[in-house]
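What follows is a set of notes on a single structure, which appears directly below.
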Protein chains: 2
Amino acid sequence: MGMTKRKEKAARKIPSPVVRRLAKYRTYVNDVAFRGLKWITSKDLAADLGLTNATVRRDIFYLNFSGHTNRGYSIENLERVLTRVLGLHKECDIVIVGAGNLGRALAMHGDLARMGFRIRGIFDSDKKLKRKKVSGLVIQSMNALSAVVKKYAVSIGIIAVPSTAAQLVANQLVKAGVRGVLNLACANLKLPKSVHVVEARIAAGLSELCCCVQIAAGRESAALA
Amino acid sequence: MGMTKRKEKAARKIPSPVVRRLAKYRTYVNDVAFRGLKWITSKDLAADLGLTNATVRRDIFYLNFSGHTNRGYSIENLERVLTRVLGLHKECDIVIVGAGNLGRALAMHGDLARMGFRIRGIFDSDKKLKRKKVSGLVIQSMNALSAVVKKYAVSIGIIAVPSTAAQLVANQLVKAGVRGVLNLACANLKLPKSVHVVEARIAAGLSELCCCVQIAAGRESAALA
DNA sequence: TAGATTGTTAATCGATTAACAATC
DNA sequence: TAGATTGTTAATCGATTAACAATC
């Protein structure tokens, strides 16, 4: 294969807790770069993100990226490496299924465009929405999904339909050929292991918070008693 | 205190990976209850959610809830216990900050109302939106936030503003007195440890998927070579 | 009864953290 | 130089899984 030792090292799989933090690091360095900073230490990065400096160095170790003694990491270079590792250095084609409030909100979402996600189509089974426009895109019927996914080699689909329809839509997306799914619905999707699923956890996140604040409240009243 | 041994056991803190799965279990049992099932085994639950039966039993063990040999768990009772543990047995008051597309989409979101989340206010700093209505609620200026949070003892705030404003809004929510924050923006919030933060991970989730599908694609082409 | 399933402990696995030599 | 900081290994911690007695 002619691969150098160095490349082999870089290619080993990054554990998903680390990937999740890398996305945070990228948001962070993006932000501090904008504010004009040039260098960041593992200590400062950790403090700002609520982590330990050991975790930060361990994570960056996966990137096969080097910092400098006494100065830390070059923000510009770290941003470039993180962007590349996360696959954000090239545009990424996505589709949105569901043109209700949530789907339309995402289609119009500035952050996504800024990060290089290109929305190649928005679909809805509701005939009444067909041919209406959202953010420059014409809403299409579900029949058109497969052709669009193939035409643009779309790798990621966003599910923004009611939870009752989520599994059905997920199946259609997978059949059409997407490799990853972002699920905004409150539903447990059952998909082949080859397809990556990320939950946006809106409803589930609120449940979790509800649980946490309840426990916290209980502790407080117990402490007062 | 007169607490029985049993109660003490139930009160011990549930680790957050477990809480996250409990929310999944609840969605699941809610669904199968609707379909008329009465009993579910740890084996079937695990298979449907992509877990091991050991994990399911270990998790339910935290609930201080008993199943039945040979039959598994009563779906009705499990649903009740999960609902209570997650704090969804009583209505939960929330506010939404940001009345853009995303904020309005959430305000109109059926799942949240169905789960017992009561939206007590929607706020935006944009004067042009003031007094407009969303889903029966009048959009209010940020000045009104604190009074509403106090009046209804709101414990959770949803951040649906552009990422540049997220930290500022988070600070305002915490100052107003919320105990938990659901963050829909792509920003790393820095808040007191006493405040629980859950990330909806829309942009971050897409990054993660982008990273995963890219690696998967690389593997495939490597396999072909 | 034999088989299925739970409840619970102990073993395993993986992620985080501590430690520290190397370096500037 | 002394001090700060990285890169990397080893130790620790916590979560998941395996195992199995108890039970129906």
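The values are calculated or read from the model by the stated rules, or taken from the named source; none is laboratory data. Source: prediction; values computed, not measured. Glycine gets a Cβ as well: all are built from the backbone with ideal geometry, and neighbour counts include every protein chain shown.
Taking the condition within 16 Å of DNA strand C (Cβ to nearest atom), without any contact (Cβ under 8 Å) to a residue 24 or more places away in the chain, of a type outside the set (A, V, I, L, M, F, W, C) and surrounded by 19 or more Cβ atoms within 10 Å (Cβ to Cβ), does B:Tyr28 pass?
Yes: the conditions hold for B:Tyr28.
Does any residue of segment A:84-98 turn out to be surrounded by 17 or more Cβ atoms within 10 Å (Cβ to Cβ) and within 16 Å of DNA strand D (Cβ to nearest atom)? Walk me through it before giving the result.
Taking segment A:84-98 first, the residues surrounded by 17 or more Cβ atoms within 10 Å (Cβ to Cβ) are A:85-88, A:92-98.
Subsequent filtering for residues that are within 16 Å of DNA strand D (Cβ to nearest atom) retains A:85.
Scanning segment A:84-98, I find at least one residue that is surrounded by 17 or more Cβ atoms within 10 Å (Cβ to Cβ) and within 16 Å of DNA strand D (Cβ to nearest atom), so the answer is yes.
Only one of (1) free of Cβ contacts under 8 Å to residues at least 12 places away in the same chain; (2) within 15 Å of DNA strand C (Cβ to nearest atom); (3) away from chain B (no Cβ under 13 Å) is not met by A:Arg20, so which one is it?
All conditions are met except number (3).
Would you confirm whether or not segment B:135-157 contains a residue that is over 18 Å from the mean Cα position of the chain (by Cα), at pLDDT below 95 and under 25 Å from A:His109 (Cβ atoms)? Walk me through how you get there before you give the answer.
Within segment B:135-157, the first condition is being over 18 Å from the mean Cα position of the chain (by Cα), and the residues that meet it are B:135-153.
Remaining after also requiring at pLDDT below 95: B:135-136.
Filter again for under 25 Å from A:His109 (Cβ atoms), leaving B:135-136.
So far as segment B:135-157 goes, yes, one or more of its residues are over 18 Å from the mean Cα position of the chain (by Cα), at pLDDT below 95 and under 25 Å from A:His109 (Cβ atoms).
Any chance segment B:71-79 includes a residue that's within 14 Å of DNA strand D (Cβ to nearest atom) and surrounded by fewer than 17 Cβ atoms within 10 Å (Cβ to Cβ)? Steps first, please.
Of the residues in segment B:71-79, the ones within 14 Å of DNA strand D (Cβ to nearest atom) are B:71-74.
Right, trim to surrounded by fewer than 17 Cβ atoms within 10 Å (Cβ to Cβ) and you get B:71.
There is at least one residue in segment B:71-79 that is within 14 Å of DNA strand D (Cβ to nearest atom) and surrounded by fewer than 17 Cβ atoms within 10 Å (Cβ to Cβ).
B:Phe61: within 13 Å of DNA strand C (Cβ to nearest atom) and either surrounded by fewer than 21 Cβ atoms within 10 Å (Cβ to Cβ) or at pLDDT 95 or above (or both), yes or no? I'd like the intermediate steps shown before the answer.
Numbers: within 13 Å of DNA strand C (Cβ to nearest atom): yes; either surrounded by fewer than 21 Cβ atoms within 10 Å (Cβ to Cβ) or at pLDDT 95 or above (or both): yes.
Spelling it out, B:Phe61 is indeed within 13 Å of DNA strand C (Cβ to nearest atom) and either surrounded by fewer than 21 Cβ atoms within 10 Å (Cβ to Cβ) or at pLDDT 95 or above (or both).
Does segment A:28-42 contain any residue that is basic (Lys, Arg) and within 11 Å of DNA strand D (Cβ to nearest atom)? If you could, list the steps in order and put the result at the bottom.
As a first pass, look at segment A:28-42 and keep what is basic (Lys, Arg): A:35, A:38.
Going one step further and asking which of them are within 11 Å of DNA strand D (Cβ to nearest atom), we end up with none.
No - not one qualifying residue is present in segment A:28-42.
Quickly run through segment B:31-58 and pick out the residues that are crowded, with 20+ Cβ neighbours inside 10 Å and small (Gly, Ala, Ser). So that I can check it myself, show each step before the final result.
Kept after step one, since they are crowded, with 20+ Cβ neighbours inside 10 Å, are these residues of segment B:31-58: B:40, B:42, B:45, B:56.
Hit for segment B:31-58 is B:Ser42, nothing else.
Out of segment A:34-46, which residues are away from DNA strand C (no atom under 11 Å from the Cβ), within 14 Å of chain B (Cβ to nearest Cβ) and not basic (Lys, Arg)?
A:Phe34, A:Ile40, A:Asp44, A:Leu45
Please list, ordered by residue number, the helices (runs of 4 or more DSSP H) wholly in segment A:47-112 having 2 or more residues that are away from chain B (no Cβ under 13 Å). I'd like the intermediate steps shown before the answer.
Working: elements: A:53-61, A:75-85, A:101-107.
Filter on segment A:47-112 gives A:53-61, A:75-85.
Can you name the condition, by its number, that B:Ser194 falls short on among (1) at the interface with chain A (Cβ under 9 Å from one of its Cβ atoms); (2) of a type in the set (S, T, N, Q); (3) in contact with a helix residue (DSSP H, G or I) (Cβ under 7 Å, 6 or more places away or on another chain)?
If we test B:Ser194 against (1) at the interface with chain A (Cβ under 9 Å from one of its Cβ atoms); (2) of a type in the set (S, T, N, Q); (3) in contact with a helix residue (DSSP H, G or I) (Cβ under 7 Å, 6 or more places away or on another chain), just (3) comes out false.
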